[in-house]
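The values are calculated or read from the model by the stated rules, or taken from the named source; none is laboratory data. Just so it is clear, the structure is predicted and the values come from calculations on it, not from any experiment. Neighbour counts run over all protein chains shown; Cβ positions are idealised from the backbone, glycine included. The area values use the complete protein model at the heavy-atom level, side chains included, leaving out ligands, DNA and RNA. Shrake-Rupley method; radii C 1.70, N 1.55, O 1.52, S 1.80 Å.
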Amino acid sequence: MSLIHARRIPALGATVVLVLIASASAYGGLDPNGSSGTSAGSGKAKCTFGVVRFDGTDPFSNASTDGTAQYAKSIGCKATIVDAQGSVDKANSAITNLAVSGATAIAIGVFPTSALKAGVAAARAKKIPVASWGGGVGPGVSFAASIGQGAGISKRLVRDLGGRGSVLDLGYRPGLPCQQRETAFLAAVKGTRIKVTKQQITIPGQVTSAQQATLAWAASHPAGKEPLAVWACFDDPASGAVAALRSLGRTDVKVYGINGTSTAIALIKAGQMTATTWIDGKDQGIRLGKLLWKAAKEGPPAKPVTIGAKTIIVDKANVDAFLKAHPGLAK
């Protein structure tokens, strides 16, 4: 899910949790008068958004947390970034430490909300509004961004294969986004003549583990007998699959990913990857930042809020137009 240094829970797919931290008195890091600017004469911000990245090597989830950090700075707050390195324990510790230190806001990437009970409890104790990017809402988490988005690319795969053939499914069960995406993929192939081989990738090391899995799968699926494809729950494993197929000289296997990272876009442009679903994670991060800032000042909403995403399926036919509209993703 191409899904902060923590492990991609995607995955991707991966899940990011954004947390605003209030002060011990009420919403501690906030100006008592509601100001979000810096204190006069001191030049120091009176509010801090803590950003807990899922895995610093994951460009997709980093984009979302970067969006939240950008929003924090735009309203005069400081952004403190912590890399959880794919570790739930490190993420929980980071949330707890940020809460204890009196931060005004924290952003966490990819981890399922259900796995962050210890950290979220520390935030709740200090009346801190919490948002999750990809992890879902739950007790103490009032906001979430949905990054599942697996249905469109899965239906595209079924269509491209004509409803038959064999597919290597590169999943990642620890990540809620990847769980959601794989569920959508399996629903898309149900009732077709497509045979699925499931393989879990590891994080970190997602590219290498996907490459090894693809090499093994390709050895038992020779070219010319049936339509073949690799489906990955986020772009990093997809790029590993591309590397494996390239080393074998195989051009008969289609490869699909999700997230729309610059690496995936470049592979599509080069004709080495079939398609990916681009998700505007940065926009989601900014929107979550706005919701959290409002909650930090006014309190949590009566009901949890889940926001959607802007998405585009990128393939060889539209990659040039996509890059023209999103030049930042050009490599």
Taking 0.36 nm per residue of sequence separation and subtracting the Cα-Cα distance, how much length would be gained by fully extending the chain between residue 248 and residue 226, in nm to one decimal?
6.2 nm
Label-point separation in nm, residue 193 to residue 316, each point 7 Å along Cα→Cβ
2.4 nm
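Test of understanding: what is the full-extension gain from residue 294 to residue 326, defined as 0.36 nm times their sequence separation minus their Cα-Cα distance?
8.6 nm
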Roughly how many nanometres apart are two label points built 7 Å out from the Cα toward the Cβ at residue 155 and residue 302?
3.4 nm
List the aspartates and glutamates whose Cα sits under 20 Å from the Cα of residue 127, skipping any in the same chain fewer than 8 residues away.
31, 298
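Go through 141-153, 255-267 and give me the packing order, highest mean Cβ count within 10 Å leading.
255-267, 141-153
Which value, in Å², gives the accessible area per residue of the range 184-331 when a 1.4 Å probe is used on the protein heavy atoms?
Normalised by residue count, the accessible surface of the range 184-331 is 46 Å².
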Highest-first arrangement of 297-309, 207-219, 63-75, 235-247, where packing means the average Cβ count within 10 Å:
235-247, 63-75, 207-219, 297-309
Set the Förster distance to 22 Å, then compute FRET efficiency between residue 164 and residue 215 from the Cβ-Cβ distance, nearest 0.05.
0.40
Can you give me the relative contact order of the range 249-310 as a percent, contacts being Cα pairs under 8 Å and 6 or more apart?
30 percent
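What ranking do 87-93, 276-282, 175-181, 116-122 get when scored by the average of other Cβ atoms within 10 Å per residue, highest first?
In decreasing order of mean packing, 87-93, 276-282, 175-181, 116-122 become 175-181, 276-282, 116-122, 87-93.
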Can you return the aspartates and glutamates within cross-link range of residue 155? Criterion is Cα-Cα under 20 Å, with same-chain partners fewer than 8 residues away left out.
169, 182, 226, 235, 252, 315
The range 199-294, convex hull of Cα, quarter of hull surface, nm² -> 7.1 nm²
Projecting each Cα onto the charge dipole of the range 243-284 (Lys/Arg +1, Asp/Glu -1 at the beta carbon, about the Cα centre), which of 248, 264, 284 comes out farthest on the positive side?
248
Rounded to the nearest 500, the 222 nm mean residue ellipticity computed for the chain from DSSP H runs (n ≥ 4, each -39500 (n - 2.57)) alone is -11500 deg cm²/dmol
Cross-link table 90/290; 198/316; 117/290; 78/290; 78/297, entries beyond 19 Å C-alpha to C-alpha:
90/290; 198/316; 117/290
Hey, what did the range 215-331 get for relative contact order, percent, Cα under 8 Å, at least 6 apart?
24 percent
Which ³J(HN,Hα) values, rounded to whole Hz and listed in residue order, are derived for the range 181-196 from phi using the Karplus coefficients 6.51, -1.76 and 1.60 in 6.51 cos²θ - 1.76 cosθ + 1.60 with θ = phi - 60°, glycine and proline given as x?
5, 5, 4, 5, 5, 5, 5, 5, 8, 4, x, 9, 9, 8, 9, 10
